[in-house]
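The values are calculated or read from the model by the stated rules, or taken from the named source; none is laboratory data. In this text the structure is predicted, and so the values were computed from the model without any measurement. Here the Cβ positions follow ideal geometry from the backbone for every residue, glycine too, while neighbour counts run over all protein chains shown. We work out accessible area using only protein heavy atoms, side chains counted, and drop any ligands, DNA or RNA first. Shrake-Rupley method; radii C 1.70, N 1.55, O 1.52, S 1.80 Å.
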Amino acid sequence: MKKLFQIFFILLLLLQAGETTKAQVIDSTTILFNIDTIGKNLGYPWEITYGPDDSLWITEARGYRVLRMSSTRTQSDKNDLPQQILKIPLASSLVSFGRSIGTWPQGGMQGLAIHPEFNSGKRWVYLSYVYSGTCPAGPGTPCYFQTKIVRCQFYFAGDAGSPNPAKDTLAILDTVISNLPGSNDHNSGRMTIGPQTEGDGTYKLYYTIGDMGAGQFNNITRTNRAQNTDTCEGKIVRLNTEPDSDASYGVIHDYNTWRQWIPNDNPFNHSVAQFSSLKTPVYSFGHRNAQGIVWGNCNGTWRLYSSEHGDKSDDEVNNIQAGANYGWPKVAGLGPDNNYSSLDAFANNDRLANGLINYPEDTWATTNNMERPIFSTFNWAASAIPANGSNIFTWPTIAPSSIDFYKGSIPGWKNSLLVTSLKYGMYRLKLKQAGDFIDSSSSTNTVDTFPLLHGWRVRDIAINPVANSGTFWVVIDSTGSTSGPTGGFSGGSTATKDGGKVLRLSYKTLMTLSLGEENNNRPPQVKDMIKIFPNPVVNTINIHGKKELQKPLLVEIYDMTGNKIKDVTSYRNDFTINVSSFSPGTYLLKLYNGHHIEVQVEKFIKK
């Protein structure tokens, strides 16, 4: 493996030496990973999530469907249709518009998040989707849509109360919040649930909402409200995963209608005196189009990260703090670089969202306590910012479409952010030890980051949560053009590589992975070295190990956040482990032989 990386970096150095005037992107995907197609013909896939049931959950933006497929699918299964567990009919009471709408909302069926206690009785799945609105057939006027977030109940086939007991089914249970803003541009539409319960003992839902494209293209006359904390445009919002017992304040306002779903410890109250008793859903503000959001833990500290589309440059990765201002549309990117301003000699960088930037960005950022990005791609100098009339498809942006946190054992990758791109595939950003900034010294590429899947239009990524995971799944957009609003008035749609497919990436050379990966990836000589039963378990797990295992055996049990719960040593092939004190949920069991080599990982459910 050392030799492999030496060859890889020699190639990088040669390319850097031979090309000094133009940045080169060296895609190492096929060197480091096997790529398999495990699903195809999806209709604009938007979200892919690894579920606690070991399934991949996928939303189709324009199909208004939720699909489910096994995480053990291989290339031979690619022609098998995924399981449809929910379809919301268009031109119905649930979604007012149909296929003939003309210009489609950005997204449609969007984010999905699964409750952390799914296996403990709360089989709740949260969805966001655009449900009503209109959009012009031409570039003259803005598009106005409405979006909602719903809580759904999942039923396995045969479950009592299922609306379709013959099959696995996802049914809408109730509305979390409605009348959220929507557009054909910058809807954002990603969601995640916090990693642990918060002040009231429940989990919280975090959801990204863009600035609606206000100030550009057909939405140029739309007011940009990303700095207005009374609205949800250009925000990350925070909501309850289950309603609290709050009573109505007796005022007519959406924030009162949905008050039971808005946490009482959110950072903002409405600024208008009539509504000042109302908490708003807003958690952070000043966002342009944050299409990625994820929690990650470095050295015991949980942080909420987002990836965000820049304007003509300066895509961002942010560390999200409660109540913080992230600058848009007053500042783009890092701020201190002052690459957008009318105060310099360059005319092409004078406006953001059609607003005149007649001040230094760094001064505004300091005066307004702006939280600066922890990383910005292509933060070009003022002289290099493209003109409004230049080719928007070649602007120095990567169009970040999602973000995930990798904590596995690929060499050098532990505690990295994986950012997918609608232009250039996917990037690995290595976090510094504290997790508060990106380690820019971790890549020798001549561009800002370490690129993968260059040439694919990647919409989202899911990561195998097994502790030593080297397996990812990505969904590829069906078609698309970047930049510009969905359905573009000038960009149109173009073919994209592997459009509408689900790809699995499996790391090639991490030897320990073959001992802890899925059954179909284990080498024959170590496959099924132990059996555990029963599964699910109530009180006691039985371990049956093969006699050729070197003793003593060591079993470590982890919860799904990576915390070790228990370890047991045995000099026998057959032994038991008492788990009666464990909370209901999903756990990982890791087996080590007498040489302390990991030989198997199994997942079990505690009832």
- Task: Would you point out which residue out of R428, R457 is among the charged types (D, E, K, R), crowded, with 24+ Cβ neighbours inside 10 Å and at pLDDT below 95?
- Result: R457
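I'd like to verify a number: residues in segment 195-241 that are closer than 17 Å to S128 by Cα, among the small types (G, A, S) and touching a Phe, Trp or Tyr at 6+ places or on another chain (Cβ under 8 Å), how many? Show your work before the answer.
Filtering segment 195-241 for residues closer than 17 Å to S128 by Cα gives 204-212, 232-241.
Those left that are additionally among the small types (G, A, S): 210, 234.
Those left that are additionally touching a Phe, Trp or Tyr at 6+ places or on another chain (Cβ under 8 Å): 234.
Residues that pass the stated criteria total 1.
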- Item | Failed item in (1) open to solvent by 30 Å² or more (accessible area, probe 1.4 Å); (2) without any contact (Cβ under 8 Å) to a residue 60 or more places away in the chain, with V538 passing the rest | (2)
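Is it true that G492 is within 24 Å of K40 (Cβ to Cβ) and modelled with pLDDT of 55 or more?
no
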- Query: What are the pairs, 6+ residues apart or on separate chains, where a residue within segment 116-132 that is outside any loop (DSSP other than H, G, I, E, B) has its Cβ under 6 Å from a residue that is modelled with pLDDT under 95 and of a type in the set (K, R)?
  - Reply: none
- Message: If I filter segment 81-93 down to residues being without any contact (Cβ under 8 Å) to a residue 40 or more places away in the chain and out of contact with any helix residue (DSSP H, G or I) (no Cβ under 7 Å at 6 or more places or on another chain), which single residue comes out as surrounded by the fewest Cβ atoms within 10 Å (Cβ to Cβ)?
- Response: S93
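Keeping to segment 191-242, report how many residues are under 22 Å from the mean Cα position of the chain (by Cα), more than 30 Å from N354 (Cβ to Cβ) and among the small types (G, A, S). Talk me through it step by step, then tell me what you get.
As a first pass, look at segment 191-242 and keep what is under 22 Å from the mean Cα position of the chain (by Cα): 191-198, 202-213, 226, 232-242.
Then drop every residue that is not more than 30 Å from N354 (Cβ to Cβ), which leaves 192-198, 202-205, 239-242.
Subset that is among the small types (G, A, S): 194.
Residues in segment 191-242 being under 22 Å from the mean Cα position of the chain (by Cα), more than 30 Å from N354 (Cβ to Cβ) and among the small types (G, A, S): 1 in total.
Would you please name the residue that is most open to solvent (accessible area, probe 1.4 Å), looking only at residues in segment 68-78 that are within 22 Å of S120 (Cα to Cα) and of a type outside the set (S, T, N, Q)? Write out each step before concluding.
The first filter runs over segment 68-78 and keeps only residues within 22 Å of S120 (Cα to Cα), leaving 68-71.
Then drop every residue that is not of a type outside the set (S, T, N, Q), which leaves 68-69.
Details: R68: 27, M69: 7 Å².
Ranking the candidates gives R68 first.
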- Query: Among the residues of segment 382-389, is any at pLDDT 95 or above, out of contact with any His (no Cβ under 9 Å at 6 or more places or on another chain), crowded, with 20+ Cβ neighbours inside 10 Å and not charged (D, E, K, R)?
  - Reply: no
- Query: Can you tell me which residues in segment 414-425 are in contact (Cβ under 8 Å) with a residue 12 or more places away in the chain and open to solvent by 10 Å² or more (accessible area, probe 1.4 Å)?
  - Reply: N415, L422, K423, Y424
- Message: So, in segment 134-176, how many residues would count as being under 20 Å from S93 (Cα atoms), crowded, with 17+ Cβ neighbours inside 10 Å and modelled with pLDDT under 95?
- Response: 1
- Query: Looking at segment 221-275, which of the residues that are over 21 Å from Q291 (Cα atoms) and small (G, A, S) is surrounded by the most Cβ atoms within 10 Å (Cβ to Cβ)?
  - Reply: S271
- Query: Restricting to segment 309-338, what's the tally of residues that are open to solvent by less than 40 Å² (accessible area, probe 1.4 Å), at pLDDT 95 or above and of a type in the set (S, T, N, Q)?
  - Reply: 3
- Given (1) part of a strand (DSSP E or B); (2) more than 22 Å from P336 (Cβ to Cβ), index of the condition N388 fails: (1)
- Reported set for segment 375-407 where residues are over 22 Å from R190 (Cβ atoms) and of a type in the set (G, A, S) is A381, A382, S383, A384, A387, G389, S390
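Per-residue answers, yes or no, for (1) within 19 Å of N240 (Cβ to Cβ); (2) in a strand (DSSP E or B); (3) aliphatic (A, V, I, L, M):
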| position | (1), (2), (3) |
| --- | --- |
| Q274 | no, no, no |
| R288 | no, no, no |
| V294 | no, yes, yes |
| N297 | no, yes, no |
| S306 | no, yes, no |
| G310 | no, no, no |
| S313 | no, no, no |
- Item | Subset of segment 248-271 (residues that are among the β-branched types (V, I, T) and in contact with a Leu (Cβ under 9 Å, 6 or more places away or on another chain)) | V251, I262
- Might you let me know whether segment 405-428 holds any residue that is in contact with a His (Cβ under 8 Å, 6 or more places away or on another chain), farther than 26 Å from W57 by Cα and not in a strand (DSSP E or B)? no
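Just checking, which of T397, T367 is touching a residue at least 60 places away in the same chain (Cβ under 8 Å), among the polar types (S, T, N, Q) and either more than 18 Å from L431 (Cα to Cα) or touching an Asp or Glu at 6+ places or on another chain (Cβ under 8 Å) (or both)? First the steps, then the outcome.
Working: T367 fails: touching a residue at least 60 places away in the same chain (Cβ under 8 Å).
Unique residue meeting the criteria: T397.
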- Query: Checking S55 against (1) in contact (Cβ under 8 Å) with a residue 24 or more places away in the chain; (2) surrounded by 18 or more Cβ atoms within 10 Å (Cβ to Cβ), which test does it fail?
  - Reply: (1)
- Filter segment 396-413 down to residues that are within 24 Å of M560 (Cβ to Cβ), at pLDDT 90 or above and of a type in the set (A, V, I, L, M, F, W, C) and give me whichever is surrounded by the fewest Cβ atoms within 10 Å (Cβ to Cβ). F405
- strands (runs of 3 or more DSSP E) wholly inside segment 169-250 that include at least 3 residues being among the hydrophobic types (A, V, I, L, M, F, W, C): 169-182, 235-240
